[in-house]
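> Take this structure, written in structure tokens, and hold onto it; I'll ask about it next.
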Amino acid sequence: MRLEEYWGVGPKTRELLTEELGVEAAVEAIESADVRTLTEAGLSRGRATRILRRATGEAGMDVLATSDARSVYKELLDLAREHAVTRDAADRIQVLTPTADHETREDRLDAVLAARDIWTALDDDTRDTVLAAFEEYDGTGGGERPAVEAVLALREAGVTAGPFAPIADVDPDALADAAEALAALDDGRVREGVDDELDDLRAALAAAESMSASPVEVVDGVRESFVDRVVDETGVTVDRVRDAMPSDAADATDFAARTLRGLVDDLRTAVDERERAVARDLRGEVAAAREDVDVAVAAVDDIAFRLSLARFAEAYGLTRPEYADDADTVAVQGARNLSLAAGDEAVQPVTYALGDHGIEAVATVARDVAADEVGVPGGERVSVLTGANSGGKTTLLETLCQVVLLAAMGLPVPADRARVATFDAVVFHRRHASFNAGVLESTLRSIVPPLSESERTLMLVDEFEAITEPGSAADLLYGLVRLTVDEGALGTFVTHLADVIEQRSTARHASRDGDLDPLPDAARTDGIFAEGLTPELELRVDYQPRFGTVGRSTPEFIVSRLVADAGDRRERAGFETLAEAVGHDTVQRTLAEAWDERPAGGD
């Protein structure tokens, strides 16, 4: 295969990879998703990652139909990478993509959850030992010796089950001998301190080479020794001896130089012969353990990858999703938003569902959460989500997107239970507060085509009224809901147009264009409700949507807080005017209820 056939490999990248790796090695690195090899060849990590994602999972990347869906995908990978135990594991996480292959997803889930169970069961000391082994391995940049030493450390820690099972049957004694032999060899050369005879020969060679480089100095040294001996033997002066010495010493220098060159050649030969003999013995020890060494080299990166994902799953309490490939559904029970959890924010688990399957399980929980105010969903494919400002509507969309994308990658999800279909396109659109026709057009261009081009599409669309006037927004929202139903897709649409939605949900109503149809039967309206203020005057919201109920914004709660927080009499008077507009009694009651909950002695 030619390098240019890979997405993202242009002439400059092809030239770089060919020069640094060769075509065959470069193709192998791309096909095996080897980020390390590509970055060592000179590619930036970001570019290598983008090339490998497309090379190994192009269809999966196409599932991410909008920039916001891709943003959620990247954030999920970043959260997982934070728990990587090696750089190679982090790189492998970074090139994970959604896949429609059921066997691949299930196999990855099996491996990750088995690793999570093993990791969770380890005590702190053993965990520290395991992490230290991978840190040491990672610091060396990989290779046979670091891999063997890492496996020995893991075995010493007693972890040989689950993801560590590939190293369970290696011979630790043979590996230890191999590790010692590999440590004695440095890129084929025998290290100093391994063999005394070789060290002595190397020292003699170094001394002879130094003398051979300056034969005149050697002859001068011999002269001085000769003079000293004559003086000692005869009792004459040094000057008399030196006056008697011939001035031409060329023959002596040549004699010394030739002698030293011969000695250097002889010692160099001896060093080479001894080093070959020692290296042969060391390589023999490695060869004797070759099978175990190969197992260690092959296993250590896979173990690091699975362990990294296991630590991610443990950190966020992730669970196995159920795949509903025979139905169109997204159903979550006790789902949690990972972005909030990563920020150490308090997260209220929520239950939600779209589609024909998995509804009964979540409806029971929803009924418990909101008692009689929650209608049991009847399997509607589309929902319109309304409710309070700062009520978590966008967060719910993001949570659903996180669950679907993690499940599509074969990874556990942040929910007590989740049942999801396989989607060809995930359309996630966050609220973008830019009120102009250009933004509206670009938004429609990004979210509408996937509905008609894909067989299974999930629509998660937030607040259309933010990019056009409310009247038009209501019409567009109705059209999108209708299109989603007609195309057989699933979707949740967030809006603050509660009054319009309520009218659409219950009956036909008049507008400037005449009578408009109500929402389709396959769509329902859900609501999120604010319930008042906390004693700290923060908005108290029940983030669990109530099915079949229109939620409303709650300006009276916001105004109540503004009245209470007013800095002076004039400011308070202004907010009191707003309180009259939204209902003075309601504002006073809201504040009284919040203050009644304050502990005794509080401000």
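> Quick one: is Asp186 under 30 Å from Arg283 (Cα atoms) and either assigned by TED's automatic domain parsing to the domain that holds Gly262 or loosely packed, with under 15 Cβ neighbours inside 10 Å (or both)?
So Asp186 fits the description; yes.
> While we're here: Kindly indicate whether Gly8 is within 23 Å of Leu77 (Cα to Cα) and in a loop (DSSP other than H, G, I, E, B).
Against the criterion (within 23 Å of Leu77 (Cα to Cα) and in a loop (DSSP other than H, G, I, E, B)), Gly8 qualifies.
> One residue is enough: does the range 38-52 have a residue meeting the conditions more than 20 Å from Asp301 (Cα to Cα) and of a type in the set (Asp, Glu)?
No; the residues of the range 38-52 include none that is more than 20 Å from Asp301 (Cα to Cα) and of a type in the set (Asp, Glu).
> Buried (at least 18 other Cβ atoms within 10 Å of the Cβ) and not charged (D, E, K, R), is that true of Thr18?
no
> Here's another thing I want to ask about it. Among (1) within 27 Å of Leu309 (Cβ to Cβ); (2) at pLDDT below 80, which single condition is Arg2 missing?
Going through (1) within 27 Å of Leu309 (Cβ to Cβ); (2) at pLDDT below 80 one by one, Arg2 breaks only (1).
> Just checking, which of Val85, Val72, Val95 is touching a residue at least 40 places away in the same chain (Cβ under 8 Å) and touching a strand residue (DSSP E or B) at 6+ places or on another chain (Cβ under 9 Å)?
Val72
> Considering (1) part of a helix (DSSP H, G or I); (2) touching a strand residue (DSSP E or B) at 6+ places or on another chain (Cβ under 7 Å); (3) not small (Gly, Ala, Ser), say which one Val330 fails and leave the rest.
Single failed check for Val330: (1).
> Quick one: Gly193 ticks every box in (1) without any contact (Cβ under 8 Å) to a residue 24 or more places away in the chain; (2) surrounded by 14 or more Cβ atoms within 10 Å (Cβ to Cβ) bar one, so which box is it?
(2)
> Checking Ala33 against (1) closer than 23 Å to Asp78 by Cα; (2) surrounded by fewer than 19 Cβ atoms within 10 Å (Cβ to Cβ): exactly one of these is not met. Which one?
The number of the failed condition is (2).
The values are calculated or read from the model by the stated rules, or taken from the named source; none is laboratory data. Everything quoted here is computed from the prediction, not taken from an experiment. For neighbour counting, all protein chains shown are included, and Cβ atoms are generated from backbone atoms with ideal geometry for every residue, glycine included.
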